[in-house]
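Undergrad: Let me give you the structure first, and then I'll get to my questions.
The values are calculated or read from the model by the stated rules, or taken from the named source; none is laboratory data. As the structure is a prediction and not an experimental result, all values here were calculated from the model. Don't worry about glycine lacking a Cβ; one is built from the backbone with ideal geometry, like all the others, and counts go over all protein chains shown. Surface accessibility is based on the protein's heavy atoms, side chains included, excluding ligands, DNA and RNA. Shrake-Rupley method; radii C 1.70, N 1.55, O 1.52, S 1.80 Å.
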Amino acid sequence: QVQLVESGGGLVQPGGSLRLSCAASGNILHIYGMGWYRQAPGKQRELVAGFTSAGTTNYADSVEGRFTIPRDSAKKTLFMQMNNLKPDDTAVYYCNTVPPGRLPWGRGTQVTVSS
């Protein structure tokens, strides 16, 4: 069974940057649409950025222009570059399929934006 392992989170000041990685145990990027989700305390998990299996890339309004997800279907790793981070970006970040749930959820990686 494919496993997803997220990494790259941490504590960063407002305006800083982080690069998240999602390693898959199989080469799945050419099979599924994939994306990054986040869940802040007390809130539902939401899709932050992702691409469909047809190749369309979408970003949540709250991260448009700040986050990017380069796609390389030849590799097994999904990245997300996050720039100009804001305190509201604080959450646990997960990768999964788009739509979600076609693969088991990983443990996520914590991103904390604070001065």
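Undergrad: Under 5 Å between amide hydrogens, which residues at least 5 positions from Arg66 or on another chain qualify, with H placed 1.01 Å from N in the peptide plane?
TA: none
Undergrad: Continuing with this model, one more query. First select every other residue whose beta carbon is under 10 angstrom from the beta carbon of Gly108; then total the charges, Lys and Arg +1, Asp and Glu -1.
TA: Here the charged neighbours net out to +2.
Undergrad: Carbon and sulfur together cover what percent of the accessible area of the chain at a 1.4 Å probe radius?
TA: For the chain, the apolar C and S fraction of the accessible surface comes to 47 percent.
Undergrad: Something else: Once phi is turned into θ = phi - 60°, what whole-Hz ³J(HN,Hα) does the Karplus curve with 6.51, -1.76 and 1.60 give for every residue of segment 92-104, x standing for Gly and Pro?
TA: Calculated HN-Hα couplings, in order: 8, 9, 10, 10, 6, 6, 10, x, x, x, 7, 10, x Hz.
Undergrad: With both bridge residues required to lie in the chain, what share of the DSSP beta bridges run antiparallel, to the nearest 5%?
TA: Percent antiparallel among DSSP bridges in the chain is about 90.
Undergrad: Using only alpha carbon pairs under 8 Å that are at least six residues apart, calculate the relative contact order of the chain and give it in whole percent.
TA: The value is 38 percent.
Undergrad: Treating the beta-carbon of each Lys and Arg as +1 and of each Asp and Glu as -1, no other charges, what is the dipole magnitude of the chain about its Cα centre, to the nearest 20 debye?
TA: Around 240 debye, computed over the chain.
Undergrad: Another question about this same structure. Per residue, how much accessible area does the chain have with a 1.4 Å probe, in Å²?
TA: 53 Å²
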